[in-house]
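The values are calculated or read from the model by the stated rules, or taken from the named source; none is laboratory data. In this text the structure is predicted, and so the values were computed from the model without any measurement. Backbone-built Cβ (ideal geometry, glycine too); neighbour counts: all protein chains shown. To get the accessible areas, we keep the full protein, side chains included, count just its heavy atoms, and leave off ligands, DNA and RNA. Shrake-Rupley method; radii C 1.70, N 1.55, O 1.52, S 1.80 Å.
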Amino acid sequence: MTQLILYNVFNGLIIGAFYALMALGLSLILNLSGVINFAHGGFLAVGGYLAFTLEPYIGFWGGLLLSPFLTAAIGLIIERLLIRRLYGRDPLYSLLLTFGLAFMFEDGTRFIWGPATLPFTVPDWLSSPLSGQFFFLTGYRLFMVLLVTATVIALFVILSRTRVGMRIRAGTLDLETVSVLGVNVRILRNINFGLGIYLAGLAGVLAAGMLGLQPTIGSDLIMPSFVAIIIGGLGSLPGTLLGGLLIGVASGVTSVFFPSASEAVIYVMMGLVLLVRPRGLLGEEGRF
Amino acid sequence: MVRLDKPAEESAQSEAPALPVPGFRIDKRAADAIVWLLLLTMPFWLNWIGGYTQLGTRVVILALAAMSLNFLLGYTGVLSFGHAAYFGLGGYGVGLTLKYLVPNTLVGMGVGIVAAIVAAAIIGALIVRLRGIYFAMVTIAFGQVFYFIAYRWNNVTGGDDGLSGWHRLPINLGFTQIDILHNKLAFYYVVLFCFAVSVGIMALLLRSPFGRTLLAIRENERRARFLGIPVDRHIWLSWLISCTFCSLAGTLYALLNNFSDPHDLHWEQSGNFVIMAVLGGMRSFWGPLIGAGIFIVLEDYISSRTENWESFIGLFFVLVVLFFPRGVLGVIRRRTTQ
């Protein structure tokens, strides 16, 4: 029993790390540009599928390295051509646009790579269990946790130490002032969008290694990411991280005792958070 | 959330001040008459131009859903992206009642609507203080709860396959019976009757002091608050009214298909309602009806032509947002007023 619970807690943490990675990207875009990127799941799927396609040529590590950058490049182009036109308009329009994009991504991946689940092979030494007693602790899962942790740390370092990062953070607080101070806001938003999509692409490659690839992989993961952002508090990246991990563990633990409620439980949590603390756990008062 | 960028001149929000009354600029009464005439005679001319009665019924039902969403979206200025939940709750309410409880269509509809009202009242109380993009996100997320319940509660709801094994039953009015099961035309007119009553109530509400207050909140929430209007309560009521009529549409939709579909609860369906409202024109009373008509005919046509219809629908969303954000009636109104 202890092992079962431990297994599910650990599993939940991994899933939560996914949600967090995806939700952090969503949050970045939402905070600076006020756009709810429905197509985020689509970008995640693209990241996974690109890695799958590239794997025969450049291997797992090459795919892991390159695919998120390619995904981010696609994101930059889409931001430049489509999403940029909608900044400052009613959020309704960017929501509808990315909603349409999500349809196109899902159907597009189905068209190119087929509806069947594709296996994304990870190196052998990564996929074997670390010890007999903790059979669930494969090297790949451990590796994922480490990589996600490293990525999140890197993200926070970028945001707090580099010039671009500081501008992004300043922009989320007061974009107008940042603009007046001579920062090119268009480019800033473009970079920020690319950064968010990079995280989605990375999450996609990692998810592909664990779950296999399906066209619906993105739309399955996007809703929990929304919940993670709401629970953590809109506008707060640490909150988003916390929210992602929390709902991951919560649904992992629930799946031990009451498996059919493992999806619904995160929405119950969201309801409770909204009831007690409408701005979310780490959200600032009055920002949204 | 208002930031620099282009001035709001282009956004639909700013075109509003001079049109407090729902409806058309040209001649409102004539337009209303034309709409009702077209709806009343639809089964006859629809077959003639290549449609079929059920397609017309679908248009009317989804138009009701889109118009009820627009009560909130266009007239209260609150962006809900989760209306499919209440639409689907209505559908499952009627399906479950007819299958397990009472073989009576009207009772089933009542159960569906009450279930949706209860859910909307509770969720509405949780989210009513949120605004704008935050509100939209929370409605999206909450919408999924019911989807997962329907999806997971296999032995009752039929899970992913949906709830089948039931069908609509003739409506017994005591003095007469309406056979909506076999007579497609009768069912169309029952649907149209529900549509007319709902739309009539919404139009009356919008003309009442309550409706004017909603418009005031849409135009300037802060000022409305300073005037002593209980803004949160008004938005909650507007949300509740909107969800109620949306669930009525949901019950009719399930009756039309003799099937409760988990997809009706999914956020994709919520997106469809919003695009119908935008496509027809959010600032016009009849806009969502026109949007629903265009959207459904297009979907029907594309999905019969290609397997990749989802891509085309997605592309359609993108094109509408980029090139047609005012919607059909918004553009017409602009032309006629200039």
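List of remarks:
- Positive contributions from Lys and Arg (+1) and negative ones from Asp and Glu (-1), summed over other residues with Cβ under 13 Å from the Cβ of B:I235, come out at +3.
- Per residue accessible area in Å² of the stretch B:6-336, where ligands, DNA and RNA are left out and the probe is 1.4 Å: 41
- Summed buried accessible surface, chains A and B, 1.4 Å probe, nearest 100 Å²: 4800
- Accessible area in the full protein assembly, largest first, 1.4 Å probe, for B:H182, B:H234: B:H182, B:H234
- Rounded D (µm²/s) - the stretch B:6-336, Kirkwood Rh over Cα pairs, Stokes-Einstein at 25 °C, 0.890 mPa s: 121
- Rg [Å, one decimal], Dmax [Å, integer] - the protein assembly as shown, C-alpha atoms: 24.7, 79
- Protein-only accessible surface order, largest first, of B:R129, A:R161 at 1.4 Å: A:R161, B:R129
- Cα-based radius of gyration of the stretch B:136-258 once divided by 2.2 N^0.38 Å, which approximates compact folds: 1.42
- Largest-first ellipsoid semi-axes for the stretch A:18-218, taking √(5λ) over the Cα gyration tensor eigenvalues, angstrom: 31, 21, 13
- Each distinct pair of alpha carbons in the stretch A:1-127 adds a 1/r term; the inverse of their mean, the Kirkwood radius, is 16.6 Å.
- Using distinct alpha-carbon pairs, which all enter the 1/r mean, Kirkwood radius of the stretch B:204-338 in Å: 17.1
- The charge dipole of the stretch B:259-338, taken about its Cα centre with unit charges on the Cβ of Lys, Arg, Asp and Glu (plus for the first two, minus for the last two), comes to roughly 760 debye.
- Here's the picture: charge each Lys and Arg Cβ at +1 and each Asp and Glu Cβ at -1 in chain A, and of A:W125, A:I153, A:Y57 the one pushed furthest to the positive end of that dipole is A:I153.
- Structure-based [θ]222 nm, chain A - -39500 (n - 2.57) summed over DSSP H runs of at least 4, per residue, nearest 500: -26000 deg cm²/dmol
- Pairs of Cα atoms nearer than 8 Å and 6+ residues apart set the relative contact order; for the stretch A:18-218 it is 46 percent.
- Unit Cα scatterers, Debye sum, the stretch B:63-161: log10 I(q)/I(0) for q = 0.17, 0.22, 0.24 Å⁻¹: -0.81, -1.17, -1.28
- Shown for chain A: the carbon plus sulfur share of the solvent-accessible area, taken with all protein chains present and a 1.4 angstrom probe, equals 69%.
- 1.4 Å probe, heavy atoms, protein only - residues of the stretch B:59-101 losing at least 40 Å² accessible area vs chain alone: B:L79, B:F81
- Chain-alone versus full-assembly comparison, the stretch A:261-280, residues with accessible loss of at least 50 Å² (1.4 Å probe): A:E263, A:Y267, A:L274, A:P278
- Under the convention that each Lys and Arg Cβ holds +1 and each Asp and Glu Cβ holds -1, the size of the dipole of the protein assembly as shown around its Cα centre is about 1760 debye.
- Chain A: angle of helix A:185-211 to the longest principal axis, Cα-based, in degrees nearest 10: 10
- With all protein chains in place and a 1.4 Å probe, the accessible surface of the stretch B:6-336 carries 64 percent carbon and sulfur.
- Helix-only CD estimate at 222 nm, as mean residue ellipticity for chain B, using -39500 (n - 2.57) per DSSP H run (n ≥ 4): -22500 deg cm²/dmol
- Residues in the stretch A:100-114 occluded by at least 50 Å² - accessible area, probe radius 1.4 Å, against chain by itself: A:F103, A:M104, A:D107
- Using only side-chain charges placed at the Cβ, +1 for Lys and Arg and -1 for Asp and Glu, the dipole size of chain B relative to its Cα centre rounds to 1120 debye.
- Chymotrypsin sites (Phe, Trp or Tyr not before Pro) within the stretch A:45-141, DSSP loop, no more than 12 other Cβ atoms inside 10 Å: A:F135
- Acute angle (nearest 10 degrees) that the helix A:91-113 long axis makes with the longest principal axis of chain A, alpha-carbon atoms: 40
- When you filter the chymotrypsin sites (Phe, Trp or Tyr not before Pro) in the stretch B:28-97 for DSSP loop state and at most 14 other Cβ atoms inside 10 Å of their Cβ, you are left with B:Y52.
- Solvent-accessible area per residue for chain A (1.4 angstrom probe, square angstrom): 40
- Partner chain coverage, peptide B:191-204 - average Cβ within 10 angstrom: 0
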